[in-house]
Amino acid sequence: MLYFQMSEDEFNQLNRVREQWGLISSLLIGAYPSNPMEVVDSNELLAFINAQIEAMEAVVGAIRQRGVMKQLTEEKILAKAVCEIRLLLSGYLGSNVDADPSVRIAAHLAYALHNDALAVLEGNRFSADEALKRVAAVDSLLGVEVGSEFVRSLEA
């Protein structure tokens with residue numbers, strides 16, 4: 001069974017929709033061949049039903065979306081870390097930066113993957129092949145073999 005947290009306002013909105021469905025069923029119970037509906041025509045009733053469906057879908061959709069947004073996945077946690085590392089090390093990007101080589105490599109690796117990390121955070125996919133090409137390209141920028149080692153380690 002799934003449980004969703006909802007606000008009091010959302011509960012009240014759903015309760016109003018439930019009460020409106022009760023009104024509809026009362027109208028329909030009173031409408032049979034020898035006692036046709038005279039107060040509400042079928043177009044008005046359909047519009048009323050559609051409005052109630054839309055109201056219910058809006059509330060349920062908001063609750064579901066909130067539940068989805070709260071779900072943290074391992075991928076999102078790691079993606080957020082890559083984005084934060086990229087921001088923290090952005091001053092170490094470039095080929096003429098005077099800094100510890102490991103810090104420069106880390107900055108370039110984070111930069112190579114940050115757009116892919118953003119895609120994960122937004123719930124989108126990215127091309128693993130293209131990401132690995134960008135990681136391997138770090139080698140030519142910095143004259144190291146860290147990117148290609150990274151790629152090889154994933155292929156093993």
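Other residues lying with their Cβ under 15 Å from the Cβ of L142 contribute a combined charge of -3, Lys and Arg counting +1, Asp and Glu -1.
Backbone phi angles across the stretch 103-112, fed through the Karplus curve with coefficients 6.51, -1.76 and 1.60 (θ = phi - 60°), yield HN-Hα couplings of 5, 5, 5, 4, 4, 6, 5, 5, 5, 4 Hz in residue order; Gly and Pro are listed as x. Once all protein chains are placed together, L118 keeps about 70 Å² accessible to a 1.4 angstrom probe. Taken one residue at a time, the phi angles of the stretch 85-99 give Karplus couplings (6.51, -1.76, 1.60, θ = phi - 60°) of 4, 4, 5, 5, 9, 4, x, 9, 7, x, 8, 10, 8, 8, 8 Hz. Gly and Pro are set to x.
The values are calculated or read from the model by the stated rules, or taken from the named source; none is laboratory data. It should be emphasised that the depicted structure is a prediction, and the values quoted were computed from it without experimental measurement. We place every Cβ from the backbone using ideal geometry, glycine too, and count neighbours over all the protein chains shown. Surface accessibility is based on the protein's heavy atoms, side chains included, excluding ligands, DNA and RNA. Shrake-Rupley method; radii C 1.70, N 1.55, O 1.52, S 1.80 Å.
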